[in-house]
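To keep things clear, I will list the structure first and then write my remarks on it.
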Amino acid sequence: MTKAEVLEGNKLIALFMGWTLGKDNYYAHPINRIYVLPPDFRYHNSWGWLMPVVEKIESEILDGEVSVVIDGDNCHIHVINEFDFSVFEYTKIESTWRAIIKFIQWYNTNHS
């Protein structure tokens, strides 16, 4: 992953998770109003950051018709009759991060 790819992917995930872009490129957390610069997002290398995204996708998006399966180094995201995508060429966390990016891009195009 390049730094630019990580930065753009993490910003996409942050917006999906409800962070808002404020002044001076800081992002504000939707609940506790923590302010973070995009290079400080850790979705790409922290399960503590990434798993809430998986949980949101599975429980809050499209009435629960989404499944995220993480198995070995493979991450598979499936939306009934709409979207099916797997990533397996990377580490477990990078495959999951990349699959989530693809899902959010698809979701923003088709359900926004």
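No value in this document is a laboratory result; all are computed from the given coordinates. These figures come from a predicted structure and were not determined experimentally. All Cβ positions, glycine included, derive from the backbone under ideal geometry; neighbour counts span all protein chains shown.
Let me know the Kirkwood hydrodynamic radius for segment 50-107, please, with Cα pairs as the basis and the value in Å to one decimal.
11.1 Å
About its Cα centre, what dipole magnitude does the chain give when the only charges are +1 on Lys and Arg Cβ and -1 on Asp and Glu Cβ, stated in debye to the nearest 20?
So the magnitude is around 520 debye.
Select from ILE93, TRP49, LEU7 the residue farthest towards the positive end of the dipole of segment 3-110; place +1 on Cβ of Lys and Arg, -1 on Cβ of Asp and Glu, and compute about the Cα centre.
My answer, from the dipole projection, is LEU7.
May I ask for the distance between the Cα centers of segment 1-24 and segment 47-63, given as a whole number of Å?
16 Å
Could you compute the net charge surrounding ASP84? Neighbours are other residues with a C-beta less than 13 Å from the C-beta of ASP84; K and R count +1, D and E count -1.
Residues close to ASP84 contribute a combined charge of -1.
When we measure straight from the Cα of LYS3, which lysines land under 25 angstrom away, once same-chain ones fewer than 8 places off are left out?
Qualifying lysines at Cα under 25 Å: LYS11, LYS23, LYS92, LYS102.
Relative contact order, percent, of the chain when contacts are C-alpha pairs under 8 Å separated by at least 6 residues?
The value is 18 percent.
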